[in-house]
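The values are calculated or read from the model by the stated rules, or taken from the named source; none is laboratory data. Just so you know, these numbers come straight off a predicted model, no measurement behind them. Cβ sites come from the backbone with ideal geometry, for glycine too, and all protein chains shown count toward neighbours.
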Amino acid sequence: MRYENIPNSFYIEKRKKYIEQILPNSISIFASNDPLPSNADGTFGFIQNSTFFYLTGIDQEDSFLILDNRTSPQTEILFVKETNEKIKIWEGEKLTKSQATELSGIETIIWSEEFWKVVEGYLNNCENVYFSIDTDQGKGSSFTSKNRQVSNQIKRKFPDKNYINSAKTTNNMRVIKSDEEITQIKKAIEITKFGFERAAKNLKPEMYEFELEAEISYEFQRRRSRMHAFQPIMASGKNACALHYITNNDICKSGEIVLMDFGAEYGNYKADMTRVLPINGKFTDRQAEVYTSVFDVMKAIKNQMVVGNTIANLKKETQNLIGKELVKLKILTESDVKFNPKAIVKYFPHGVSHFLGIDVHDVGDRKKKLEAGMLLTLEPGIYIEQEAIGIRLENDILIKEVGNEDLMEGIPLEISEIEKLMHQ
């Protein structure tokens, strides 16, 4: 594999912890993702279902997991795709049974073509059936995940069972990151740092945004990242005021800035970072003024990312601080901020933090109090469309028992550091 695997002891522990939290007399069924079709016989490639990977370490399609807590220890069966002659010729070797055991720590490995025959035997005698249904996946579209397909088929055949979504249990587990997960994320962040440094050193006026993206992609690929963690944003000039601008098709012009929101993936774990660069290597006084305002807010909010606080509170305090900065910048008046707080939203229209992990917008309850082991982004911003200035700064913050750890503290943020890097 391109990335170094987490030891299977991690997955063994997570399955054990999961079983301890569900009802007795239950089986749980988890399915991998399918490759998404594009056109003709093409696909968009394969990205594993996050929860399936979290419990197995298996990064392959057409895989299933059955966990049965009616035995002690629990019964674990992993189904993986068998390599036939056609697959071998067209796709190459799939996992062997011994490789699947080595990755997952599961001893009982069965070929996927046997799944439906095997699972029916377990369904006949159990009371509760757990499925992993991500209610946000494919939201607003007709997309039906493999897990939902499996659950629908089983519910039709066994309507008398008590069906439960296991996502609440696994989501609560996933929100607290283990040391092994933090190691993977730190590797993704290190790769992200190399991508940023290359972009900063190679940025020049008249360069296309997609050329800047290509510089980053090159570093990602050569350092064992399979892909960007999400569609990268390379937004120059006025484009920086469009929060999810991903066209990356304009020319970077001298005197403007470019907002870069991107991150590397490593072993299915993600980094998420935002930096702003002056295209000609030097911030204007006004750009530096707005940048400093955002950076000051970032530093202030970082100090509040501690056990017991909430993401909702962080956003509220960020809005208050942004409002004060907008007054300093002569964008709003004190009266605007005091009597019309919604005026702030025009210049800071998004949240300041989200959970991060296997998914970029990882699972977690934003109303829940922060706990040690949670990993979150910190990303304040100010967007002044009429001046074609959009500044957002983003780092990844690990909540500790006391205080926090900025996992991106080694990636330049100070204006002097940014300009120095660009002239190396």
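Laid out as a table, the results:
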| read-out | value |
| --- | --- |
| Unmet criterion (only one of (1) under 26 Å from GLY255 (Cα atoms); (2) charged (D, E, K, R); (3) touching a residue at least 12 places away in the same chain (Cβ under 8 Å)) for LYS368 | (1) |
| Test: residue in region 208-221 that is assigned to a loop (DSSP other than H, G, I, E, B) and surrounded by 15 or more Cβ atoms within 10 Å (Cβ to Cβ) | no |
| Meets criteria (in the same structural domain as THR56 (by TED's automatic domain parsing), over 24 Å from the mean Cα position of the chain (by Cα) and on the phi < 0 side of the Ramachandran plot) for PHE115 | yes |
| Sole residue being closer than 21 Å to HIS354 by Cα and either of a type in the set (Asp, Glu) or not assigned by TED's automatic domain parsing to the domain that holds MET408 (or both), chosen from GLU181, GLU197, GLU127, GLU209 | GLU181 |
| Check on GLU215, at pLDDT 95 or above, under 19 Å from the mean Cα position of the chain (by Cα) and not β-branched (Val, Ile, Thr) | no |
| Any chance PHE30 is within 16 Å of ALA100 (Cβ to Cβ), touching a Leu at 6+ places or on another chain (Cβ under 6 Å) and not aliphatic (A, V, I, L, M) | yes |
| Within region 366-411, strands (runs of 3 or more DSSP E) holding 3 or more residues that are crowded, with 17+ Cβ neighbours inside 10 Å and at pLDDT 95 or above | 375-378, 381-384, 389-392, 395-399 |
| Qualifying residue in region 224-235 (condition: within 24 Å of GLU289 (Cα to Cα) and either within 16 Å of the chain's Cα centre (by Cα) or in contact (Cβ under 8 Å) with a residue 40 or more places away in the chain (or both)) | yes |
| The one condition in (1) assigned to a helix (DSSP H, G or I); (2) within 23 Å of ALA229 (Cβ to Cβ); (3) modelled with pLDDT under 95; (4) not aliphatic (A, V, I, L, M) that LYS86 fails to fulfil | (2) |
| Looking only at region 135-161, and only at residues there that are small (Gly, Ala, Ser) and touching a residue at least 60 places away in the same chain (Cβ under 8 Å), the one that is farthest from VAL118 (Cα to Cα) | SER145 |
| Test: TYR269 is among the aromatic types (Phe, Trp, Tyr), under 22 Å from GLY410 (Cα atoms) and either free of Cβ contacts under 8 Å to residues at least 60 places away in the same chain or surrounded by fewer than 24 Cβ atoms within 10 Å (Cβ to Cβ) (or both) | no |
| Filter result (assigned to a loop (DSSP other than H, G, I, E, B) and out of contact with any Lys or Arg (no Cβ under 8 Å at 6 or more places or on another chain)) within region 226-241 | MET227, GLN231, PRO232 |
| Test: residue in region 92-102 that is surrounded by 13 or more Cβ atoms within 10 Å (Cβ to Cβ), polar (S, T, N, Q), within 22 Å of TYR54 (Cα to Cα) and touching a Lys or Arg at 6+ places or on another chain (Cβ under 9 Å) | no |
| Count of residues meeting criterion [basic (Lys, Arg), surrounded by fewer than 10 Cβ atoms within 10 Å (Cβ to Cβ) and within 22 Å of SER28 (Cβ to Cβ)] in region 135-154 | 0 |
| First in region 162-182 and at pLDDT 95 or above, second anywhere and surrounded by fewer than 16 Cβ atoms within 10 Å (Cβ to Cβ) and in a helix (DSSP H, G or I), Cβ under 9 Å, 6 or more apart | TYR163/LYS155; MET173/LYS17; SER178/GLU13; GLU180/SER9 |
| Pairs where the first residue, in region 289-305, is free of Cβ contacts under 8 Å to residues at least 24 places away in the same chain and the second is in a helix (DSSP H, G or I) and of a type in the set (A, V, I, L, M), C-beta under 9 Å, 6+ apart | ALA300/LEU321; GLN304/LEU314 |
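This table checks each residue for (1) within 19 Å of ILE358 (Cα to Cα); (2) buried (at least 19 other Cβ atoms within 10 Å of the Cβ).
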| residue | (1), (2) |
| --- | --- |
| ARG223 | yes, no |
| ALA229 | yes, yes |
| ILE233 | no, yes |
| SER254 | no, no |
